[in-house]
Amino acid sequence: MSDMETSPTGALNEEDIKALTRRPSDPFNEVVLQADYTTRATLSFYRFRQLGGDYRVKNEKYDAYRKRRDAKKKVAEPANDERIGEIASEEAPERNRKLKLGESTGRGVHYVSSHPKVPLLQMSIIALMILFESAANAYFFAKQSEFGLAGGVFQAAAVSLANVAVSFFIIGYWGLRHISMPWDRETLFGRRNLYILNGLVAIVIGSILVLLVNLSAAHYRNILDIQALGLELPEGIGTQFFPHFMVSPDVCEAILTSDLGNTIGSAATNAMCRPFALHSLDAMVLLALGLAIAAIAAFEGRRLDSPFPGFSDAARQLESARVDLEDALDDFEQSYEDIFELVETIKGSALTPKEKMIVMNTMTEMMQPYVDLLRTSDQILSDEFGLEKEIIDLLKVDKTGGA
């Protein structure tokens, strides 16, 4: 109440009812608290949107200052000019300035975060692929394994886990995800380009590891078949097949022609030295199956998060903050009966329909600034996607809820 006084008739006036409705309460304090967190989460999210994760941008004034300084030094140094000290002491502009309000560098993240709603689902798919590949591989390994089916299952599970894990995390999550970002043409050695470079390196390393794992498994199966038939490995098989995995042909020949070369322990050496010298149908099927599973795992790894590191985290924080704020607003809206009871206690009688409407309208006015935090403004949409206002007006939903 503004002055906690009643009107001459003993009833509360409209301003008194509004003041009582606006009194601090636990439900409304929760709205304010969640709104503060939502504001911070929104700023973090749109910082990624606008800057692509960087806090600062290059300052053209600093670049111009550096060029002038270098030109002056070039003239003054040969003549041992006293102005060298003055040039060195000249105050320089800030090298990386903060982005100003309403300004965009064009290097922002201009896409909707592609992270899955339930990351556990992605991991469940990976687990199923490991189980499927393990079961399939166990069939090939168990036939000739000295430990029988149990040994074949253990070997198959180890190969499958290595195959899927490398494909999912190294090739998909670190490699394909990072190279999905567009190049930053303004800053050659900027954060975005470094991520893309790291992604390319991860794909190369991961592809080599996956190929070696699957080739080793295939050669292992190939050697088992040869041993089961009581045969020996063919002689004169070259070691110059592509890819050669950077192993010296002399070293390859020395290992493969030794006693080790006739055992299953040479499977990895065969994979590196003569990768495609397979003579067993089961071995070829095993290789094809492993590569297919690796491709699916890499695709799922790519879909686990958005290309730009940190952007999905910011999007998830914003989504969570908005949900919490919406719940707090619902709780405050449902607290109208407590406000009715408070006003009735002070008034000494039941509220009239008009007085109840004053309470409800006041609560709506209190919530409106916080409800606006749940929406994306037209100006932000235009800045994010570089669209004209006319296009935004065609696509947006107006404030009244109509199309």
### Task
Kindly indicate whether F189 is among the aromatic types (F, W, Y), more than 18 Å from F132 (Cβ to Cβ), surrounded by fewer than 22 Cβ atoms within 10 Å (Cβ to Cβ) and modelled with pLDDT of 90 or more.
no
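From S167, S207, S160, which residue is surrounded by fewer than 19 Cβ atoms within 10 Å (Cβ to Cβ) and of a type in the set (S, T, N, Q)?
After ruling out the rest, the residue left standing is S207.
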### Message
Taking the criterion of being of a type in the set (S, T, N, Q) and at pLDDT below 70, would at least one residue in the stretch 62-83 satisfy it?
### Response
yes
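I'd like to check something: does the stretch 200-221 contain any residue that is aliphatic (A, V, I, L, M), in contact with a Pro (Cβ under 6 Å, 6 or more places away or on another chain), more than 29 Å from L51 (Cβ to Cβ) and modelled with pLDDT of 85 or more?
Checked against the condition, which is being aliphatic (A, V, I, L, M), in contact with a Pro (Cβ under 6 Å, 6 or more places away or on another chain), more than 29 Å from L51 (Cβ to Cβ) and modelled with pLDDT of 85 or more, the stretch 200-221 yields at least one hit.
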### Message
Name the single residue that is modelled with the lowest pLDDT among those in the stretch 93-124 being under 30 Å from L161 (Cβ atoms) and surrounded by 16 or more Cβ atoms within 10 Å (Cβ to Cβ).
### Response
Q122
### Matching residues, the stretch 20-59, being more than 22 Å from H178 (Cβ to Cβ), buried (at least 21 other Cβ atoms within 10 Å of the Cβ) and under 24 Å from the mean Cα position of the chain (by Cα)
T38, A41
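Suppose we filter A350, A277, A314 for residues that are within 35 Å of the chain's Cα centre (by Cα) and of a type in the set (A, V, I, L, M); which single one remains?
Answer to the selection: A314.
Within the stretch 367-389, can you find the residues that are polar (S, T, N, Q) and more than 17 Å from L43 (Cβ to Cβ)?
Q368, S382
The values are calculated or read from the model by the stated rules, or taken from the named source; none is laboratory data. The model shown is predicted, which means the values in this text are computed figures rather than measured ones. Reconstructed Cβ throughout: ideal geometry from the backbone, glycine too, with neighbour counts over all protein chains shown.
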